[in-house]
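Asks: Got a structure for you, questions after.
The values are calculated or read from the model by the stated rules, or taken from the named source; none is laboratory data. Only a predicted model underlies this, so the values are computations on that prediction, with no experimental measurement involved. Glycine also receives a Cβ, built like all others from the backbone with ideal geometry; neighbour counts cover every protein chain displayed.
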Amino acid sequence: MALSLQVKNQHLLNRAGFGIAGIEISSLSKIKTKKMFEELVNNSNQNFEPFDVADISIKNLIMGVGEDTNMGTLKKNDLEQADRVKIREQSREDLKSLNYKWLDEMAQSKAVLREKMSFFWHGHFACRDVNIIYQQQLLQEIRFNALGNFKDLLFAVSKNASMLSFLNNQQNRKQKPNENFAREVLELFTMGRGNYTEKDVKEAARAFTGWGYNFKGEFTLRKQFHDDGEKTFLGQTGNFSGEDVLNIILQQKQTAIFLTQKMYKFFVNDQLDDKNIQWLANRFYKNNYNIGALLKDIYTSDWFYNDKNVGCKIKSPVELIVGLRKTLNIKMDEPQRQLVIQNALGQVLFYPPNVAGWPGGTNWIDSSTLMFRLQLPRIIKENEEISISTKADDDIEMGMMEKKKLKLAKNRFSGFNISASIDWKNYIAQFDNIQRPLLLEALKTAIVPKVGIKIKNEVIEKEADNSSRASYIKTVTIALMSSPEYQMC
């Protein structure tokens, strides 16, 4: 069955962004989908601003350390123990601020294509490092290169201090190579498991010996630790450097295939279509890994709008949170509470569970997370207090203890509320031209396109407040957002 123009546009915005903005609902049936995609591209190719939330005290400490200082000698010579503790503790606080800042950008920026692609790369290049300066630098490289060339992105991420630290390449030295970084570059970032040998991993590790960073997070090649001997990698032999290894990886068509498969799962469907994958990967490879061109191939293809690809993916926690904020223009009065929501749902920005990132798909849903997902829209609307359990994680400090009504016992919050407000006026205005008998179907189409037809009208009507048109729209919207179908996109 052919999709209506509105549903096609909503499908595009769900996958290329984080859902529809409430103020654009009435216009979705008036603009061609191709034109909408062009606007997404144009909006995402301008006005890039890196985030900077690092506390000035950390910046001053780092600026006071010499440029040639490396992490290996820092502890002995350049910084007092108290200062190192201060950097770590303040970094934890600043990482929370970076979390809120990025969520705001996802929910409010017109550059949603860039932010959605950056969100994908954030999971692809999963990195867990409690240093706000290095993490800011990593996110800047990801956001700046998100729609550009994968080679540029791969090189930038591979030389980032957070990534080199997380994957132990500071300890990678000649005569005693550490294989962790090389292995993850091959297995998770480029070619995928089974497409290289253990010998390739060992030789790549030799090529990456000496790769490190100084205290300011700047990449350094410590020549005294680099193995400059001959290496054989993926069938080629030479005195390879780390850059040579990355270039050889990019020569392999398997890299284009692996990346295309992963993007297809993220943006299209968990069930891969071999024909579509092959076509996309061939073009991605021929276009020298142009990410923007690959996305255009996806979003302008007829098969992307096939009924089987609509409403088939479970929203990640971040997609769910941002989507709610975007559609209802929700103002977070206390943004730090979003950390508790993320943690309860199993996805906290900058804290992936491991180097493989978040597994996604049905892994997002279990009995506790589904119940909280279904309750979340109503909790926001009513500003209800609830008890909520979060996943235990020593690195994630929720920072909620100072709030009056919250008592933390292990990983459970009682008396927790979201503390947010909804811009109902502009949202309700989007339905001004809809006649009352058609209002329910219009709301269903806007909130849960395609899968909305499975929701029985009488179930929703039971939740409706018919005292006024505005009350009806509010209560039906929340009822639809509280349905299992809304968890899909």
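Asks: Regarding the range 155-165, can at least one residue be identified that is in contact with a His (Cβ under 8 Å, 6 or more places away or on another chain) and not β-branched (Val, Ile, Thr)? Write out each step before concluding.
Replies: If we filter the range 155-165 for residues that are in contact with a His (Cβ under 8 Å, 6 or more places away or on another chain), which is where we start, we get none.
No, there is no match, as no residue in the range 155-165 is in contact with a His (Cβ under 8 Å, 6 or more places away or on another chain) and not β-branched (Val, Ile, Thr).
Asks: Identify, from the list 328, 295, 339, the residue that is of a type outside the set (Asp, Glu) and over 16 Å from residue 376 (Cβ atoms).
Replies: Details: 328 fails: over 16 Å from residue 376 (Cβ atoms); 339 fails: over 16 Å from residue 376 (Cβ atoms).
Checking each option against the conditions leaves just 295.
Asks: Let me ask something else about it. Right, residue 326: surrounded by fewer than 19 Cβ atoms within 10 Å (Cβ to Cβ) and either within 30 Å of residue 166 (Cα to Cα) or not acidic (Asp, Glu) (or both) or not? If you could, list the steps in order and put the result at the bottom.
Replies: Values: surrounded by fewer than 19 Cβ atoms within 10 Å (Cβ to Cβ): no; either within 30 Å of residue 166 (Cα to Cα) or not acidic (Asp, Glu) (or both): yes.
Spelling it out, it is not the case that residue 326 is surrounded by fewer than 19 Cβ atoms within 10 Å (Cβ to Cβ) and either within 30 Å of residue 166 (Cα to Cα) or not acidic (Asp, Glu) (or both).
Asks: Moving on to the next point. With a cut-off of at least 2 residues that are within 26 Å of residue 138 (Cβ to Cβ) and touching a Ser or Thr at 6+ places or on another chain (Cβ under 7 Å), name the helices (runs of 4 or more DSSP H) lying wholly within the range 174-258.
Replies: Details: elements: 180-184, 198-207, 242-251.
By residue number, 242-251.
Asks: Collect the residues in the range 98-136 that are touching a helix residue (DSSP H, G or I) at 6+ places or on another chain (Cβ under 7 Å) and of a type in the set (D, E, K, R), keeping them in residue-number order.
Replies: 105, 110, 114, 115, 116, 128, 129, listed by residue number.
Asks: Take the conditions buried (at least 20 other Cβ atoms within 10 Å of the Cβ), touching a Pro at 6+ places or on another chain (Cβ under 6 Å) and of a type in the set (Gly, Ala, Ser) and apply them to residue 161. Does it pass? Walk me through how you get there before you give the answer.
Replies: On the way: buried (at least 20 other Cβ atoms within 10 Å of the Cβ): yes; touching a Pro at 6+ places or on another chain (Cβ under 6 Å): no; of a type in the set (Gly, Ala, Ser): yes.
No; evaluated as a whole, the condition is false for this residue.
Let's see how each residue does on (1) touching a strand residue (DSSP E or B) at 6+ places or on another chain (Cβ under 8 Å); (2) surrounded by fewer than 23 Cβ atoms within 10 Å (Cβ to Cβ); (3) not assigned by TED's automatic domain parsing to the domain that holds residue 357:
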residue	(1), (2), (3)
181	yes, no, yes
185	no, no, yes
199	yes, yes, yes
221	yes, yes, yes
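Asks: Regarding the range 284-300, can at least one residue be identified that is on the phi > 0 side of the Ramachandran plot, of a type in the set (Phe, Trp, Tyr), surrounded by fewer than 21 Cβ atoms within 10 Å (Cβ to Cβ) and touching a Lys or Arg at 6+ places or on another chain (Cβ under 6 Å)? Can you show your working first?
Replies: Start the filter on the range 284-300 by keeping residues that are on the phi > 0 side of the Ramachandran plot, which leaves 288-289.
Then keep just the ones that are of a type in the set (Phe, Trp, Tyr); that gives 289.
If we keep only those that are surrounded by fewer than 21 Cβ atoms within 10 Å (Cβ to Cβ) too, we end up with 289.
Filter once more, so that each one left must be touching a Lys or Arg at 6+ places or on another chain (Cβ under 6 Å): 289.
Yes; the residues of the range 284-300 include at least one that is on the phi > 0 side of the Ramachandran plot, of a type in the set (Phe, Trp, Tyr), surrounded by fewer than 21 Cβ atoms within 10 Å (Cβ to Cβ) and touching a Lys or Arg at 6+ places or on another chain (Cβ under 6 Å).
Asks: Looking at the range 326-341, is at least one residue closer than 29 Å to residue 2 by Cβ and modelled with pLDDT of 95 or more? I'd like the intermediate steps shown before the answer.
Replies: Pass one, the range 326-341, residues closer than 29 Å to residue 2 by Cβ: 326-327.
Checking which are modelled with pLDDT of 95 or more leaves us with 326-327.
Yes, the range 326-341 has at least one match.
Asks: Conditions: (1) modelled with pLDDT of 95 or more; (2) part of a helix (DSSP H, G or I); (3) surrounded by 16 or more Cβ atoms within 10 Å (Cβ to Cβ). Residue 87 meets all but one. Number of the miss?
Replies: (1)
Asks: Among the residues of the range 348-361, which ones are crowded, with 21+ Cβ neighbours inside 10 Å and either out of contact with any Lys or Arg (no Cβ under 8 Å at 6 or more places or on another chain) or among the β-branched types (Val, Ile, Thr) (or both)?
Replies: Scanning the range 348-361 gives 348, 349.
Asks: May I pose another question? Just wondering, is there one or more residues in the range 152-172 that are assigned to a loop (DSSP other than H, G, I, E, B), touching a strand residue (DSSP E or B) at 6+ places or on another chain (Cβ under 7 Å) and in contact (Cβ under 8 Å) with a residue 60 or more places away in the chain? I'd like the intermediate steps shown before the answer.
Replies: Going through the range 152-172, the residues assigned to a loop (DSSP other than H, G, I, E, B) turn out to be 159-160, 167-168, 172.
Then keep just the ones that are touching a strand residue (DSSP E or B) at 6+ places or on another chain (Cβ under 7 Å); that gives 159, 172.
Checking the rest, the ones that are also in contact (Cβ under 8 Å) with a residue 60 or more places away in the chain come to 159.
There is at least one residue in the range 152-172 that is assigned to a loop (DSSP other than H, G, I, E, B), touching a strand residue (DSSP E or B) at 6+ places or on another chain (Cβ under 7 Å) and in contact (Cβ under 8 Å) with a residue 60 or more places away in the chain.
Asks: Can you pull out every residue in the range 466-485 that is free of Cβ contacts under 8 Å to residues at least 40 places away in the same chain and within 15 Å of residue 377 (Cβ to Cβ)?
Replies: 475, 476, 479, 480, listed by residue number.
Asks: For the range 125-151, name all the residues that are among the aromatic types (Phe, Trp, Tyr) and assigned to a loop (DSSP other than H, G, I, E, B). So that I can check it myself, show each step before the final result.
Replies: First pass over the range 125-151, keeping only residues among the aromatic types (Phe, Trp, Tyr): 125, 134, 144, 150.
Matches in the range 125-151: 125 only.
Asks: Looking only at the range 93-114, count how many residues are under 20 Å from residue 41 (Cβ atoms) and surrounded by fewer than 22 Cβ atoms within 10 Å (Cβ to Cβ).
Replies: Here the count works out to 4.
Asks: To continue, here is another question. Let me spell it out: the conditions are (1) over 20 Å from residue 244 (Cα atoms); (2) in contact (Cβ under 8 Å) with a residue 24 or more places away in the chain, and residue 178 meets all of them except one. Which number is the exception?
Replies: Condition (1) is where residue 178 drops out.
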